[in-house]
Protein chains: 4
Amino acid sequence: MNALFASDNVTSACPEVMDAVIAANLGIAGSYGDDEWSLALKNRLSKIFETEVEVFLAVTGTASNALALSALAPVFGKIYCHELSHINTDECGAPELFTGGAKLIPMRSSNGRIDPSDLAETIRGSGNVHVAQPSVVSVTMSCETGTVYQLDEIKAISKIAHDNKMSVHMDGARFANALVSLDVSPAEMTWKSGVDVLTLGGTKNGCLAAEAVIFFKPEMVGNFPFLHKRSGQLLSKMRFISSQLEAYLTDDVWLRNARHANALAKILSEGLDSFSNIQLAYPTQSNEVFVHLPRDVIDYLNNSGYDINEEELDGKAVRFVTAWNSDIKDINDLLETLAQKY
Amino acid sequence: MNALFASDNVTSACPEVMDAVIAANLGIAGSYGDDEWSLALKNRLSKIFETEVEVFLAVTGTASNALALSALAPVFGKIYCHELSHINTDECGAPELFTGGAKLIPMRSSNGRIDPSDLAETIRGSGNVHVAQPSVVSVTMSCETGTVYQLDEIKAISKIAHDNKMSVHMDGARFANALVSLDVSPAEMTWKSGVDVLTLGGTKNGCLAAEAVIFFKPEMVGNFPFLHKRSGQLLSKMRFISSQLEAYLTDDVWLRNARHANALAKILSEGLDSFSNIQLAYPTQSNEVFVHLPRDVIDYLNNSGYDINEEELDGKAVRFVTAWNSDIKDINDLLETLAQKY
Amino acid sequence: MNALFASDNVTSACPEVMDAVIAANLGIAGSYGDDEWSLALKNRLSKIFETEVEVFLAVTGTASNALALSALAPVFGKIYCHELSHINTDECGAPELFTGGAKLIPMRSSNGRIDPSDLAETIRGSGNVHVAQPSVVSVTMSCETGTVYQLDEIKAISKIAHDNKMSVHMDGARFANALVSLDVSPAEMTWKSGVDVLTLGGTKNGCLAAEAVIFFKPEMVGNFPFLHKRSGQLLSKMRFISSQLEAYLTDDVWLRNARHANALAKILSEGLDSFSNIQLAYPTQSNEVFVHLPRDVIDYLNNSGYDINEEELDGKAVRFVTAWNSDIKDINDLLETLAQKY
Amino acid sequence: MNALFASDNVTSACPEVMDAVIAANLGIAGSYGDDEWSLALKNRLSKIFETEVEVFLAVTGTASNALALSALAPVFGKIYCHELSHINTDECGAPELFTGGAKLIPMRSSNGRIDPSDLAETIRGSGNVHVAQPSVVSVTMSCETGTVYQLDEIKAISKIAHDNKMSVHMDGARFANALVSLDVSPAEMTWKSGVDVLTLGGTKNGCLAAEAVIFFKPEMVGNFPFLHKRSGQLLSKMRFISSQLEAYLTDDVWLRNARHANALAKILSEGLDSFSNIQLAYPTQSNEVFVHLPRDVIDYLNNSGYDINEEELDGKAVRFVTAWNSDIKDINDLLETLAQKY
């Protein structure tokens, strides 16, 4: 029970995805993406995003983020991101490796999202040979505090970026959760709001291991195929990754999975918030709930068989994550356990 | 039909592996390798190799090779390899990326294997600050010409390496094929012959995508976990990789698969060699057959529905690869097609 | 006149240094540092710092800083520094290049110096494979706001660093200016306060181009000679760099030069501060004076032939720098020009 | 006496260069190349090369070569060079560092120069995502065996390079020696023969430390200023480098220096060749003489106070180098010493 709400990466793959992998395992197929699943995926993504996209696959969010950044930032580039962003805190230097040394500039704000006015003020040094060059802004959807950027926030950030000849990257590790939270179209949440390159995550929301780097402007692809291969993410039997995403994006599987996770997070959030000694650290807008728990509550839950992760967000808040297959009963159990004492 | 013998990476996964992945997809499990399949795999590999090993997983041979080299070569290091080796010709600079700029020194010999006496003569510059420092020797089993190093060859190379304070890496993308070809134990073919780090491939011999970096000397692991994470190869749902390898190595699946592929390659090789206008380019010792085909034979086969890959080995020879599930009927068909004309 | 107080790198070399270069240009000498000047310099530095040091030379502060950091931080390392520090703002990613991708963590404080308590709170993630590893703290003397760390500040920072198994780097581009400001010994300001590696600058204080990376713990040198060569900073005719520093450090030339620059900065600082519409941005503790100038004052000075650099410190303050050969007359002229109007 | 003919980097700077440095040390000057000497140098080089060039300075050949390559090769690029070339053997991985991991492809030929037909055959993999991409050919003038490429050789190599969409780099560490040897114009030996970027050496032929990266096609400069700064080669007091080269290139100083060195090498070469037990390893075409010396001759010379460098060229030949200020008397002494015994 202990890892129940630890993360959305402790879950299994959803049946639609698993079935697709099994089905893809029939007969021979072209290698390195030259297969029917990869082609179908590219077409499907172009349709979903309402524009012709170029797609490259990877098996971890760390790789797909770092790869995307390597397409956008020169070795002497600056990548503006929130200080809590996954690329800044949880990838052990992968962006620096893949970009050849680009510099992440951590922005601060209390809610985990980049503030457009902070960004405008922070960008500097363009054209000055002594200064790493402003190159990319990276936003996360949903972001590391479980909140989501509103479309006008993304647009404001994108405008500042483009006005400064920078590109916009979206880390969409929890893209579907943000999408159903905002209730907008994939196109609206990305390129129509100025996003140039998206890393679309499937792993946390029902896949085994499947992430996509999606270029909305094919002309930005450039030498990316070589960067992709060089990074060790061009699988020979790529059909096993593309088939996952193809199933994930078919018949709204991804949206259903995300809606379920978000809905249960909402229930959990409201339940926790109803205790007088528990405060939400951030509003719950996707499938992550952050709360301030008093020491005795943490101890009580740990003693009751839960494994509370105090490391999250520098110990300042405790995180509960729901997933595509979270069980309402487990949430009720947790809330009841708390109610028995508080 | 056209990709039939193009590569062993066009094949599906074998049923034992596929079943294991399906079985691993039950319930929640710890992430990033903290799961029962990963633990079982480490134990199994330690048993198979008759020594306590440390294991790190990856999804491509390119990544696992480059990662292994990054553990062994400093940024200013030299890695001696055969000029035909996969790390030198087919990884688009991944070893250079992962090592931070180590230099591959291509050795030449007519058979695709490093000649120990050439190696001894080529190593130079140790301690000279102007010269990239000799650091690693990398051998491939089975190698890129489809032949295998004999144990005494590996031992001779390892001795030279260790005498020069260098490490020995084995690229085991086709490890099982070489193992059954030599009919020795995994320990004999590796650490007992001086190999320090092995990249063990599963993908070409029945897995979906599963490669392992295996350290035979745990003290050499050092900071490798950080290099592993930083490379984007630490999967959150690692059970989907470790379960593949765990099944692959259970009940001799890997050996059976390799024996089948090798046996069919032998049949194909002898069949091709029986034509007076076809010459073997190298002796067939694993699951790859290299032949010199006259232009008219290539044209005839292409017109007959085969897709002959002339790019292999700089066009100097044509490669046919058999796999764990190659069908004897397809080989007979190919030979018969040839016999109809020649 | 316009560049008069723009920087201490617009000045010429002092006569003692120039004479030494001329004298070094006699006859043949061993290359790559195998010469009498380089040997003498190592001995002199060991004497000055009261401990056996290892010395490597470079021609720019950017190179010497980045080299020093490359000796201390692994590719997946974190380097804590002030956000205004030269390594963070003015080296166009050189630290990232030389370290192979280490991550600079910018600390903030209003005075340009790292606050020990901030540092203690910011260090995190040690041993966590997802997190770039805390490896180095870098302090600048004198720092980018023209102030100096007190010895107890350096000691407090060093203690935190060492308690966390991190190293301490000092960027001593203006080392002599800080030294005479604190009026302590070179040993006290460095290794006796916990500094592991110093980059000692000569260029800004009377040399043509001469910087030294100084290891106080020879056992930390490790593979540094190879990193040094690989960076393109191992000059064949190294005597032309070592002779500069040797002269610079002889007969207190460096201290006299720094005292002069600091003294004139003090006069300039007090002069500027006496105007009611001019405020010091930071206390003047070395040879840099930072002031807030109203727009009309900037315009007036520019129209009077001065070239005010508004880019400094993001436009928040204007910088005046004095040097080893600054002329009191030029300072009086500047103050008088101001007095004529304000 | 022992280092007399060891290298041309054991020599002092010539008086014209030294005087220029002294003269440049007057008054204040703009930093980072914004000075009159740097401007004059750019103009002079444009005149000498009969085309508008872009110039960036460095202090070592290693840095200037690696920088030039970083402008021409992507991180996944291949750089074709001779296996004896300085970039391949004597820069400890600097090209790999500066380019971010490009791969040097060592070509072999008995004379130290790339054979155009070998090159044509070796280039492969263009557009194939698995293969590091052919990007640059680098030739050395004069090359590491002391011979020079003829213009038609350079043209043939350049044509092959450009036909394959690759660039041509010339390592001109001994550019002047090759130039006077061929007796052609600087333009003929470079861009008129297809060279895109030249690293022009001054250090070995009369400078203290001065090398230039010269772009013959300004449109190829691109982001190079940032790469230059990031590498730690953008000196704040750049006038001390540009003044050297400006003097070096004025009034034929460079050509006179090179002619002297070449002439004395010719005398030495003929003198050595006259001994029956000494054979020239390569024809002497610039200022380096390579000979095969029997063991007893080496011992005899070492015992006579010479310091014979047997490490050169893997011990296969002994190198004697003459310089701008080599003394005919020293050559006569050496020959006489030999004559006393042989």
Could you check the simple spin-label distance between A:E310 and D:S110, using points 7 Å along Cα→Cβ, in nm with one decimal?
7.6
Taking only complete DSSP H runs, can you tell me which helices of chain B stretch 27 Å or more along their own long axis by Cα positions and average at least -1.0 on the Kyte-Doolittle scale?
B:253-273
Express the relative contact order of region D:203-255 as a whole percentage, based on alpha carbon pairs under 8 Å and six or more residues apart in sequence.
50
How big is the charge dipole of region D:258-341 about its Cα centre, in debye rounded to the nearest 20, if each Lys and Arg gets +1 on its Cβ and each Asp and Glu gets -1 on its Cβ?
260
If you put +1 on each Lys and Arg Cβ and -1 on each Asp and Glu Cβ, how big is the dipole of the protein assembly as shown around its Cα centre, in Debye rounded to 20?
0
Checking the a/c ratio against 1.5 first, then a/b against b/c, what shape does the Cα gyration tensor give for region A:161-266?
oblate
DSSP-defined antiparallel bridges as percent of all bridges, region C:15-252, nearest 5
35
Find the relative contact order for region C:258-341 and round it to a whole percent, using C-alpha pairs within less than 8 Å whose residues are 6+ positions apart.
34
Looking at C:A120, C:Y306, C:G271, which one has the Cα that reaches farthest to the positive end of the dipole of chain C (charges on Cβ: Lys, Arg +1; Asp, Glu -1)?
C:A120
Sequence neighbours fewer than 8 away in the same chain don't count; with that in mind, list the lysines whose C-alpha is under 18 Å from C:K329.
C:K266
Within a Cβ distance under 9 Å of B:K217, other residues only, what is the Lys/Arg minus Asp/Glu net charge?
-3
If one computes the Cα centroid of region B:1-77 and of region A:235-292, what distance in Å separates the two points?
29
Any chance you could check the Cα centroid distance between region B:130-204 and region D:171-234 for me, in angstrom?
43
Given Cβ charges of +1 for Lys and Arg and -1 for Asp and Glu, the option among C:L227, C:L198, C:I87 whose Cα lies farthest towards the positive end of the dipole of chain C is C:L227
Taking the convex hull of Cα positions in region C:258-341, its mean projected area over all directions (nm²):
5.0
Treat each spin label as a single point 7 Å out from the Cα along the C-beta direction, and report the D:E188 to A:A40 distance in nm.
6.7
Taking loop as defined by DSSP and a crowding limit of 15 other beta carbons within 10 Å, which GluC sites (Glu not before Pro) in region C:1-100 fit?
C:E50, C:E52
Neighbour-limited loop hits for GluC sites (Glu not before Pro), region A:235-342 (at most 16 other Cβ within 10 Å; DSSP other than H, G, I, E, B)
A:E310, A:E311
Once you've got the Cα coordinates, tell me which of D:K165/D:K229; A:K237/B:K217; A:K204/A:K229; B:K316/C:K229 are over 29 Å apart.
A:K237/B:K217; B:K316/C:K229
Which one of A:L335, A:A63, A:N287 is farthest out on the positive end of the charge dipole of chain A, using unit charges on Cβ (Lys, Arg +1; Asp, Glu -1) and the Cα centre as origin?
A:A63
Going by a ≥ b ≥ c, the root eigenvalues of the Cα gyration tensor, does the protein assembly as shown fall in the rounded group (a/c under 1.5), the prolate group (a/b larger than b/c) or the oblate group?
oblate
Point-charge dipole on Cβ atoms (K/R +1, D/E -1) for region B:244-294, about Cα centre, debye to 20
120
For n ≥ 4 DSSP H runs only, could you compute -39500 (n - 2.57) per run for the protein assembly as shown, divide by its residues and tell me the 222 nm figure to the nearest 500?
-11500 deg cm²/dmol
Give me the one-decimal nm value for the distance between modelled label points at C:T51 and B:K165, 7 Å along each residue's Cα-to-Cβ direction.
2.5
For chain D, what relative contact order do you get, as a whole percent, if you take Cα pairs closer than 8 Å and at least 6 residues apart?
24
Honestly region D:15-252 on the Cα gyration tensor test (a ≥ b ≥ c root eigenvalues; a/c under 1.5 rounded, otherwise a/b vs b/c for prolate or oblate) is just prolate
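Computed from the coordinates by the stated procedures, all read-outs in this text should not be read as laboratory data. Here the structure is a predicted model, which is why all the values come from computation and not from measurement. When we count neighbours, we look across all protein chains shown, and the Cβ atoms used for this are built from the backbone with ideal geometry, even at glycine.
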